[in-house]
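One structure is given below, encoded as C-alpha cells.
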Amino acid sequence: MSKMERNGAPKHDVALARRPPMPGKATILAMGKAFPSQLIPQECLVEGYFRDTKCQDLAIKEKLERLCKTTTVKTRYTVMSKEILEKYPELATEGSPTIKQRLEIANPAVLQMAMEASLACIEEWGRPVGDITHIVYVSSSEIRLPGGDLYLASQLGLRSDVGRIMLYFLGCYGGVTGLRVAKDIAENNPGSRVLLTTSETTILGFRPPSKARPYDLVGAALFGDGAAAVIVGTDPIPGKECPFMELNHAVQQFLPGTHNVIDGRLSEEGINFKLGRDLPAKIEENIEEFCKKLMEKAGLVEFNDLFWAVHPGGPAILNRLESTLKLRSEKLECSRRALMDYGNVSSNTIFYVMEYMREELKRKGGEEWGLALAFGPGITFEGILIRSL
C-alpha cells in the first residue's frame, strides 16, 4: 500500500472570531485533509491508464483524451499504483470477479487516509483526543463489519463510549450530509465535540475502459482519492478554540422521479455507475428554489451577496449553477480550484472547497453569509446556510 501523504490545514493561532457565533449554533472549529502519496498530472493520465489496463482501442483513447481536457482537472491523487496492479493483475482484466481483491485494497486505504486527515484536524484544534465525544464517518469506498468508524475511533485513541455514526454509500453529497448530522449532534448535546471524517478511493470503480460502459471514462477523467476531517461544536471555548464557520441551517431534499439519473450498483467486479446526461439540467431546474429555501432563514434575497462553497461534481454543474443564479464568475472560484487541484473526490471535495473559502475570507474579508451545497444520487440536494465568523 502506498504511504499516505498527510496534508492538514495550516495551524492557526487561537484568536477571537471576527464575528461571534450565535449561542447554541454549531461551528466548525478545525479542518484537516490527507491524500495518497501518488499524484497524477492530468496530462499523464491517459497514457498511464491505457498502459495499466492494456487497452488498444484508439477510439476510446481519443475520447478519454477529450474528456480529460473538458473536466478542467489538472492534478489528482490516487491509491492505485503499479505495485497494486502487479499484485492484483486481475483488476485490469475485463469481467474478472474482483470485489474481494478491491476491498482488500480499499478498506485499509480509506482508513489510513481517514487517520491522517483526522490527526491533522485534531492537531489544528489543539485539544486532547479524549475531548471528542462523537464521531461521524462517511465513505462510499469500503464495506466491512465493523465499519471504519470503529477502526478509526480505536486507532485515534478515542474514548470507548464515544458516540459513533457511520454513513455509507451516499456519494457526492455525503460530506454535507455528515455536516448536517454533526450539526444536529452538537446542537442537541451541549458541550459535545464531533469529529466528522470522510474518506474515499476509486479502487472499487477501477476497470478497463469499454464502449459498453462510457461512464467509466468519465470516472477515469474526473475522480480522485483523498480524505478530509472537521471538528464541529457549539459555544467555542474562548482562548482554546477558534471557530471560523457557523452551520446555521441545513436542508436535504430529493427530486422525485430522478433516482435513476445517478445509478450505482455493487457487483462481483466492483461498483458500476451510470450517469444520466440530464443530471446538470435537473440540478439547474431545481437549484434556485432550493437555495431560496435556505436563504430565507436569514432574510437573504440576493445570490451575489453570499459566498458559495459548492461541491464541484464537474464543470457542467458549476457552469449551469453560475448561469442560472447569475453569479459573478469569482463566486465559484473555490469550487473550480478544488476541482482543478484534486478532481471530484466524492464526499470529501466540499471540505477542500471550504478550506479554500476559509483562506479567501480570511485574506480578503467579504460576505458574512454563504451556502454549502452538494448533489448526489437520488437526485439528492444537501445544503447548509453557513456564516463566516
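Just so you know, all these numbers are worked out from the coordinates, no wet-lab data involved. Model, not experiment: these values are computed from the prediction. Every residue, glycine as well, gets a Cβ built from its backbone with ideal geometry; the counts of neighbours run over all protein chains shown.
Assorted remarks:
- For the stretch 309-351: rounded, prolate or oblate by the Cα gyration tensor [a/c cutoff 1.5]: prolate
- Kirkwood estimate for the stretch 40-150, i.e. one over the average of 1/r between Cα atoms, Å: 17.1
- One way to sum up the overall shape of the chain is the equivalent ellipsoid from its Cα gyration tensor, whose semi-axes run 33, 25, 18 Å, largest first.
- Estimated from helical segments only, the mean residue ellipticity of the chain at 222 nm is -11500 deg cm²/dmol, where each DSSP H run of four or more residues counts as -39500 (n - 2.57).
- Summary value for the stretch 245-388: 38 percent relative contact order, contacts being C-alpha pairs under 8 angstrom separated by 6+ residues.
- Across the chain, the mean sequence separation of Cα contacts (distance under 8 Å, 6 or more residues apart), normalised by length, yields a relative contact order of 24 percent.
- If you take the alpha carbon atoms of the stretch 245-388 and fit the smallest convex hull around them, that volume is 109 Å³ per residue.
- Note on the chain: dipole from Cβ charges, positive end direction compared against 118, 81, 329; the farthest Cα belongs to 329.
- Cα gyration tensor shape of the stretch 219-265, rounded if a/c is under 1.5, else prolate or oblate by comparing a/b with b/c: oblate
- Protection proxy ranking for 343-356, 40-53, using the average of other Cβ atoms within 10 Å per residue and placing the highest first: 343-356, 40-53.
- The charge dipole of the stretch 200-242, taken about the Cα centre with unit charges on the Cβ atoms of Lys, Arg (+1) and Asp, Glu (-1), comes to about 340 debye, rounded to the nearest 20.
- Protection proxy ranking, peptides 168-177, 26-35, 363-372, average beta carbon neighbours within 10 Å, highest first: 26-35, 168-177, 363-372
- Our analysis of the stretch 276-346 gives Rg over Rh at 0.97, with the two radii drawn from alpha carbon positions and Rh computed by the Kirkwood formula.
- The order of the peptides 118-128, 144-154 by mean Cβ neighbours within 10 Å, most packed first, is 118-128, 144-154.
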